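Please read the structure below before turning to the comments.
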Amino acid sequence: MLNCRQGEALVVNFAFQLHHMRDESVSTVNERDQLLRMVKSLNPKLVTVVEQDMNTNTSPFLPRFIIAYEYYSAVFDSLDATLPRESQDRVNVERQCLARDIVNIVACEGEDRIERYEVAGKWRARMTMAGFNSSPMSTNVKEAIRELIKQYCDRYKMKDEIGALHFGWEDKNLIVASAWK
């Protein structure tokens, strides 16, 4: 279906998408792992995964509530430090993205909960089980990203752990990005 031609490189970017797919915790049909195996069968040159770094997938209600509270407290703290409260961009982010996600994480169960984030280690396990190998980013890329973050706000942090880049606010990891072959 992709009409790839001989010699063309296929790159797949899963940016904030995989957490919406059902897995073994919701259904006997594990759509996440099926998709990853299907993508691997296409022999991509590179696959990137970017996701929120928290477990709202398999945690029971109370731990999930606490995890969400700690995570979104850091997100809102970062917004306070970087965008004025009356900023239309901030209002849009809060109303269109964050509010909907928080309500879904806290108030919904079973198939009704579509915001099913997993921690970096779980994504690493899924990618490895699908046959992918980690492809750490180069030192030049990491340094360029680190410089951009410093220019924006010195309270944003980036660290490299087991081939993945963890982006966070102060000491709280928020986003993890990884590349796979």
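The values are calculated or read from the model by the stated rules, or taken from the named source; none is laboratory data. Because the structure is predicted, anything quoted here is derived from the model rather than measured. Here the Cβ positions follow ideal geometry from the backbone for every residue, glycine too, while neighbour counts run over all protein chains shown.
Odds and ends about this structure:
- Residues of segment 167-181 that turn out to be within 15 Å of the chain's Cα centre (by Cα) and under 21 Å from residue 36 (Cβ atoms), as a count: 6
- Of all residues in segment 34-77, those satisfying the criterion of being in contact with a Lys or Arg (Cβ under 7 Å, 6 or more places away or on another chain) and modelled with pLDDT under 95 are 56, 57.
- Filtered residues of segment 123-180 (kept if modelled with pLDDT of 95 or more, of a type in the set (A, V, I, L, M) and within 20 Å of residue 12 (Cβ to Cβ)): 125, 127, 129, 130, 164, 165, 175, 176, 177, 179
- Residues in segment 113-159 that are over 19 Å from residue 52 (Cβ atoms) and of a type in the set (D, E, K, R): 6 in all.
- There is no residue in segment 45-59 that is over 18 Å from the mean Cα position of the chain (by Cα) and among the β-branched types (Val, Ile, Thr).
- Within segment 29-66, tally of residues that are more than 19 Å from residue 172 (Cα to Cα), of a type in the set (Lys, Arg) and part of a helix (DSSP H, G or I): 3
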